[in-house]
1. Among the residues of the stretch 195-203, is there at least one that is more than 21 Å from Ser68 (Cα to Cα), surrounded by fewer than 22 Cβ atoms within 10 Å (Cβ to Cβ), charged (D, E, K, R) and over 19 Å from the mean Cα position of the chain (by Cα)?
2. Starting from the stretch 116-130, keep only residues that are touching a residue at least 40 places away in the same chain (Cβ under 8 Å), then list their pairs with residues that are within 11 Å of the ligand (Cβ to nearest atom) and assigned to a helix (DSSP H, G or I) whose Cβ atoms are within a distance under 6 Å, requiring at least 6 positions of separation or different chains.
3. Give the residue that is surrounded by the fewest Cβ atoms within 10 Å (Cβ to Cβ), with candidates limited to residues of the stretch 1-44 that are over 20 Å from Lys119 (Cα atoms) and acidic (Asp, Glu).
4. Yes or no: Gly146 buried (at least 18 other Cβ atoms within 10 Å of the Cβ), under 21 Å from Val233 (Cα atoms) and among the small types (Gly, Ala, Ser)?
5. Quick one: in the stretch 27-62, which of the residues that are over 19 Å from Asp81 (Cβ atoms) and of a type in the set (Val, Ile, Thr) is farthest from the chain's Cα centre (by Cα)?
6. Please work out which residue is nearest to Ser238 (Cα to Cα), limiting yourself to the stretch 149-178 and to residues that are of a type in the set (A, V, I, L, M, F, W, C) and assigned to a loop (DSSP other than H, G, I, E, B).
7. Just to check your reading of the model, which residue among Val166, Val186, Val141 is within 10 Å of the ligand (Cβ to nearest atom) and in contact (Cβ under 8 Å) with a residue 12 or more places away in the chain?
Amino acid sequence: MSTRMDDRSQFAGRVGLVTGAASGLGRSVAVALADAGARLVLFDRDADGLHATATQCPGSVAVAGDVSQGSDMARAAEALDALGPVSLLVTAAGILGPTAPLADVTEQAWDRLFAVNVKGSWLALKHVLPRMIAAGGGSVVTLASGAGLAGNATFPAYSASKGAVVLMTRSVAASHTAQGIRANTVCPGPIETPMLRETFAAAGEGAAEREVIFRTRNPMGRFGTPDEVTAAVLFLLSDAASYINGVALPVDGGRLA
Ligand SMILES: NC(=O)c1ccc[n+]([C@@H]2O[C@H](COP(=O)([O-])OP(=O)(O)OC[C@H]3O[C@@H](n4cnc5c(N)ncnc54)[C@H](O)[C@@H]3O)[C@@H](O)[C@H]2O)c1
């Protein structure tokens, strides 16, 4: 077991699933793991984006589908079986959903948000955990959000969905540690990805103002980069984090400090 924080060689030959791998944080994590020699099932609904990620992840397999559909996640699990015993899971697929007060959120938008962010994370766990247990253990990192740790007035429904992801992940730690599984969640602040741009665009004519507010209320006065989140994800996946289990780690420049 290597507990050196910069030792990525421990991922060589290991098999894992990364959801949301076609863009942003999922892509960044997938490329870093593949770079270290992991063989991955890359899952996303965006087939073109997946293809672009797969070209940077030799030895990996792309599976296009919707995380909220059990049959699609079952296909991802079958692809995992073809690669070998699975010991890594990263769930990065997610959507922002409505940026509106709770009373203005439509039932349809609420259901879709929870289907992707909450059910989608659960389906990945549902299909991967039994395989991880059979393989003798592994490590899970879910992507929640700083908005899953504190209430949020800009996207309250998203905040509720990410709060559910935090506690679902902690429940995995509470349930499956004896089976060799560690589970942690990373809670990013504003990170420079397409989703962040969508957050600003949702403000319409107020987009530039929202961007300034998001930037200036952060103690670091800047947005994070996908690499900065990826470093935290790989640390939590790795043996360097062997006694870290069930945490919800903000990676937010101190926004929630
Ligand atoms: N970027 C940020 O500022 C930020 C902050 C906090 C949390 N997060 C979380 O990090 C994760 C990654 O976000 P990102 O910034 O990389 O966003 P992104 O929009 O760049 O990537 C999200 C990916 O998820 C995929 N996806 C969405 N719905 C899906 C579905 N139903 N089935 C399969 N794939 C689906 C998209 O196609 C996309 O490739 C998300 O869960 C997001 O909520 C992001």
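1. So far as the stretch 195-203 goes, no, none of its residues is more than 21 Å from Ser68 (Cα to Cα), surrounded by fewer than 22 Cβ atoms within 10 Å (Cβ to Cβ), charged (D, E, K, R) and over 19 Å from the mean Cα position of the chain (by Cα).
2. These pairs meet every condition: Asn117/Ser161; Val118/Ser161; Ser121/Val165; Leu123/Met73; His127/Met73.
3. Across the stretch 1-44, the extreme among qualifying residues is Asp6.
4. Yes; evaluated as a whole, the condition is true for this residue.
5. Once the filter is applied, the top-ranked residue is Thr55.
6. Among residues in the stretch 149-178 that are of a type in the set (A, V, I, L, M, F, W, C) and assigned to a loop (DSSP other than H, G, I, E, B), the one nearest to Ser238 (Cα to Cα) is Leu149.
7. Val186
Table: residues versus (1) within 20 Å of the chain's Cα centre (by Cα); (2) under 13 Å from Leu40 (Cβ atoms).
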site	(1), (2)
Ala64	yes, no
Gln69	yes, no
Gly84	no, yes
Gly94	yes, no
Ala100	no, no
Thr106	no, no
Ala109	no, no
Leu113	yes, no
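Readers should treat all values here as calculations from the given coordinates under stated rules, not as data from a laboratory. None of these values were measured; they are calculated from a predicted model. When we count neighbours, we look across all protein chains shown, and the Cβ atoms used for this are built from the backbone with ideal geometry, even at glycine.
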